[in-house]
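Heads up: the structure comes next, in structure tokens.
What follows is calculated from the coordinates using simple rules that are stated; it is not laboratory data. Please read all numbers here as calculations on a predicted model, not as lab measurements. Cβ atoms come from the backbone with ideal geometry, glycine included; neighbour counts cover every protein chain shown.
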Amino acid sequence: MLDGLPVVREAFPRTVRLVSTARLRPPVLERLVSADEAVALAEIESATSQRLVAEQRGAEGIGRDEFVHGVPYANFVNAAFAYWKPREPNRFNVTRGAWYAALDVETCMREVVYHMTEFLARSGVLKGVVEYAEMFASMAGEFVDLRQAPDHPCLDPDPGKGYPIGNTLADAVRARGFNGVIYPSVRHAGGICIVALRPHAVQSVAPGDVYRFEWAGGPEPTITRMSEELSKTSRR
């Protein structure tokens, strides 16, 4: 599967990923319960949270020893790999999660717009408001590089055609011990994306600004920078 594809050793000092702000805010109940009740809630969460269960026991597609611990925002990194939807695969992951990022936020925005517009269109109403926060990270190591292979079939704009090939490619990348794939964005001409296929490939995570996407009946939303840094977000 990897025959003829270049493998590069690359270091990216800063990549960016957009994450729903719903994942970044502290639980509402934290302000409403006592310390003892908070401990009980934490025990319930540890038994029901897919991320926490995967960190403690591993999951079908990923071992517990692969997760990262003891670094800022480790829970956000681990969540990206602990959650996935087998019935709704992404371009390079179907049996386990992955960390998708880009070299600039505009590329991330076009990816978000594409997927959210598709979701809203399926509901029949192109109206909605969502907020996403920047999560910066550095990455380094060996990656399969598709920048010189923009016509690779895994980059087909049709998910039904591109995604199965992309997932087969990702399996081969992991089997060879590489950290992920660098590829030209399918949704943003000129943009470059990176998918990290291993948690340890995502380093030095830090939050950035928040953006509001608002669909008012058409496929193109209004995007507003909220200028709200998430520096006070939990660093667990």
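Structure data summary
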| quantity | calculated |
| --- | --- |
| Mean Cβ count within 10 Å, highest first, over the residues of peptides 94-104, 137-147 | 94-104, 137-147 |
| For D156, distant residues with modelled amide H under 5 Å away | G162 |
| Debye equation applied to the C-alpha atoms of the stretch 49-194, log10 I(q)/I(0) at 0.08 Å⁻¹ | -0.24 |
| Cα centre as origin, Lys/Arg/Asp/Glu Cβ charges: the stretch 115-175 dipole, Debye | 200 debye |
| Virtual spin-label span in nm between L2 and E142, 7 Å along Cα→Cβ | 0.6 nm |
| Relative contact order [Cα under 8 Å, 6+ residues apart], the stretch 134-236, whole percent | 27 percent |
| Karplus 3J(HN,Hα) series, Hz, for the stretch 5-16 with 6.51 cos²θ - 1.76 cosθ + 1.60 (x for Gly, Pro) | 8, x, 10, 10, 9, 10, 10, 10, x, 8, 10, 9 |
| Proximal charge balance of V105 [Cβ under 9 Å; K/R count +1, D/E count -1] | -4 |
